[in-house]
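To start, the structure itself, in structure tokens.
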Amino acid sequence: MTSKEKRSYVRGDFSFKVKFRIMTPEEYETAKGTGDQILSPDKGICIDSNDINRREEEIYPNACMIDFLLRMDEKLDQILAMLSKDGEDKGRLSQGIGTNLSGAGMNIITDKPVEPGKIINTNFVLLRFPLVFIDVFGEVLRVTPVDEGGKTLYHIGVKFLDLDQNDRERIIAWVFQRQREIIRKRKGEM
């Protein structure tokens, strides 16, 4: 029997908060070229396969504090944009719920539709110690409207663009960790 699975990365169904901003292709090219995307504190350091069993705080000793400080600048920019009359919408982030995550992309549920082909800048937190902030560009591949309780919600399929290898490894490690937790919980209930 042959598998019909065509995914390159492990995928898990989880629920997590996601913030995103729709970008024009010009904004994306500018942000990609200048590095406006929040930089991870460990860019340039690859995770060795022997490190998978080590605790993340041994690999990234001050990642939580560095991520927090990097995010502070983004939050201040959002506050300033909200206070200014002309930049009111530019700094606003839409919110959604991530329902599915892999090293190649994710699914988001939101109350507003996004056109397929649009580029979005997403950020979310992987809950583990230390907290891991992921900030990545993605392309909207599909948008499916779904009626849930009389309200129309939109399931958005996003393919990651230019995802850093370290962030990809952190996402995959998190998905495996969550899957192991679910298996242990199920075994404990038997």
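The values are calculated or read from the model by the stated rules, or taken from the named source; none is laboratory data. Remember, it's a predicted structure, so these values are computed and weren't measured experimentally. Counting neighbours? That spans all protein chains shown, and the Cβs are built from the backbone with ideal geometry, glycine included.
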Quiz item: Can you find a residue in the stretch 174-186 that is of a type outside the set (A, V, I, L, M) and touching a Cys at 6+ places or on another chain (Cβ under 9 Å)?
Solution: no
Self-check item: Selected residue (criterion: nearest to the chain's Cα centre (by Cα)) from residues of the stretch 164-190 that are hydrophobic (A, V, I, L, M, F, W, C) and crowded, with 18+ Cβ neighbours inside 10 Å
Solution: 171
Exercise. Please give the strands (runs of 3 or more DSSP E) falling wholly within the stretch 102-188 in which 1 or more residues are of a type in the set (Lys, Arg) and closer than 28 Å to residue 31 by Cβ.
Key: 132-148, 151-161
Quiz item: What do you reckon, is residue 115 at pLDDT 85 or above, over 27 Å from residue 10 (Cβ atoms), among the charged types (D, E, K, R) and more than 16 Å from the chain's Cα centre (by Cα)?
Solution: yes
Quiz item: Quick one: would you say residue 91 is closer than 30 Å to residue 145 by Cα, modelled with pLDDT under 65 and either part of a loop (DSSP other than H, G, I, E, B) or of a type outside the set (Lys, Arg) (or both)?
Solution: yes
